[in-house]
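Visitor: Shown below is the structure under consideration.
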């Protein structure tokens, strides 16, 4: 690592060292984009939030049974700052980590991680296959169908929204807005009806 503040390129290089899955890469880009969007919205450090979003699932492909545990070890070995490590570990709170999200950054990552998956799946079943013409109500329509995007834990998203003190619909809208910024890279540009 070149300095005390990891760069996006360093994060991407480290992520690619441990991950080859295209879907996991697109998920990382989605979370990064939403974190950057949310950082701007709250007047926070966009680069830091983005880098943490990008790297958050560092160990998931190689060490799914040790998710967050191996990330902590890898990031520490690579000399990452404690603040970054803590933020990444906290996204697994109650699932694979005991580190509770306390800062706005940590709570945001916790809240939007699962949600990006639900937004992605919702966009892919639209006739346009695009996030560019999708609104929060499209995601809300699918919310109670537990067979739809069955791997997405809605209770985690609800808990995250509560941690942030925001309405679930507003959180979904913010997630969509962030993901729109990388629609092409994540395969959700589709053929929007704008």
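Visitor: Can you work out which of the residues in region 37-50 that are in a loop (DSSP other than H, G, I, E, B) and free of Cβ contacts under 8 Å to residues at least 60 places away in the same chain is farthest from residue 91 (Cα to Cα)?
Guide: So, considering only residues that are in a loop (DSSP other than H, G, I, E, B) and free of Cβ contacts under 8 Å to residues at least 60 places away in the same chain, the one farthest from residue 91 (Cα to Cα) is 43.
Visitor: Test residue 118 against the stated conditions and say whether it is surrounded by fewer than 23 Cβ atoms within 10 Å (Cβ to Cβ), closer than 28 Å to residue 192 by Cα and at pLDDT 95 or above.
Guide: So residue 118 passes the test.
Visitor: In addition: Within region 96-104, can one find any residue that is buried (at least 17 other Cβ atoms within 10 Å of the Cβ), modelled with pLDDT of 95 or more and at negative phi?
Guide: Yes, there is a match, as at least one residue in region 96-104 is buried (at least 17 other Cβ atoms within 10 Å of the Cβ), modelled with pLDDT of 95 or more and at negative phi.
Visitor: In region 51-77, what count of residues is obtained for those that are surrounded by fewer than 22 Cβ atoms within 10 Å (Cβ to Cβ) and either at pLDDT 95 or above or assigned to a helix (DSSP H, G or I) (or both)?
Guide: 10
Visitor: Another question, if that's okay. Taking the stated definitions as given, is residue 32 modelled with pLDDT of 95 or more, assigned to a loop (DSSP other than H, G, I, E, B) and within 22 Å of residue 161 (Cα to Cα)?
Guide: no
Visitor: Here's a follow-up. Restricting attention to helices (runs of 4 or more DSSP H) lying wholly within region 83-194, give those where 1 or more residues are touching a residue at least 60 places away in the same chain (Cβ under 8 Å) and within 16 Å of the chain's Cα centre (by Cα).
Guide: 104-124, 154-164, 168-180
The values are calculated or read from the model by the stated rules, or taken from the named source; none is laboratory data. Everything numeric in this text was worked out from a predicted model, so none of it was measured. With ideal geometry, Cβ positions are generated from the backbone for all residues, glycine too; neighbour counts draw on all protein chains shown.
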